[in-house]
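I have placed the structure first, in the form of structure tokens, so that the comments after it can refer back to it.
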Amino acid sequence: MFISFEGIEGSGKSTQIDLLESHLKELGYKVAKLREPGGTLMGEKIRDIFLQDTSEKVDPITEAFLLYASRKHLDQNFLREKINQGYIVIADRYSDATVAYQCFGKGLEKDFIDLIHNSSNLLTPDLTFYMDISAEMSRERISDREMDRMESESVEFFDRVRQGYLQIAAENPERVISLDANKSINELKDEIATKTTEKLNASLG
Ligand code: TMP
């Protein structure tokens, strides 16, 4: 099974990913985690390039090619292998992020992303947890971090990304579970565990 977590900066994805990993391991499942962009030797190098602060202009098309280079390489060198070996793979972001950030956030044509995505023969997550917080809350939560190239974007940018995620969630109700990420860590943990168990049971029979 392939599970992805999505959300804007500071939505608490990493905490919930770690909690779900522990929960599933306690139940006896094999779990593999990855982050995007990244997750492979080449992907981590692409991640550094992608996030590096630079005085050069970076077009969303350039971003999309970097992201899809990392994603295809991840598919070939990690994701399929782990899923075929019976692991539950938990991804800290996947392809919904490109639609939310590059298309909704930066105005890239969705048709362009659909074309690269469909031509790349990639997997779709079985289940996606979208952790929803406002752009203002996001800014507040990450204000003490040293910000990378993406984190330095404006509150208006993150609001467009958020609206993108909300639209993706509305269009894919079978796959995407939208969570109110203002709730407590424990409440969110329980909701995520319940939905994951439901999905695992449904996939068994
Ligand atoms: P993070 O997941 O560690 O926060 O950093 C990844 C950054 O890359 C984050 O700002 C979102 C951004 N990103 C995109 O813009 N498009 C994508 O497709 C992905 C996977 C990430």
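Here, each number is a calculation from the coordinates, and none is a lab measurement. These numbers come from a predicted model, not from an experiment. Cβ coordinates were reconstructed from backbone atoms using ideal geometry, including for glycine residues, and neighbour counts include every protein chain displayed.
Summary table
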item: Qualifying trypsin sites (Lys or Arg not before Pro) in the stretch 116-156, DSSP loop, other Cβ atoms within 10 Å at most 12; result: 145
item: Label-point separation, residue 84 to residue 167 (7 Å along Cα→Cβ), nm; result: 3.7
item: Angstrom value of the Kirkwood radius, inverse mean 1/r, which spans all Cα pairs in the stretch 2-204; result: 17.4
item: Calculated from backbone phi, Karplus (6.51, -1.76, 1.60) coupling profile of the stretch 47-57 in Hz, x at Gly/Pro; result: 4, 4, 5, 4, 8, 4, 5, 9, 7, 6, 6
item: Calculated from backbone phi, Karplus (6.51, -1.76, 1.60) coupling profile of the stretch 196-204 in Hz, x at Gly/Pro; result: 5, 4, 4, 5, 5, 5, 5, 6, 7
item: FRET E, pair residue 146, residue 57, Förster distance 25 Å, beta-carbon r, rounded to 0.05; result: 0.70
item: The stretch 87-205, Cα convex hull volume normalised per residue, Å³; result: 136
item: Magnitude of the charge dipole, the stretch 40-183, Cβ model with Lys/Arg +1 and Asp/Glu -1, debye to 20; result: 360
item: Proximal lysines relative to residue 57, as straight alpha-carbon distance under 30 Å, when same-chain residues fewer than 8 apart are discounted; result: 13, 45, 72, 106, 110
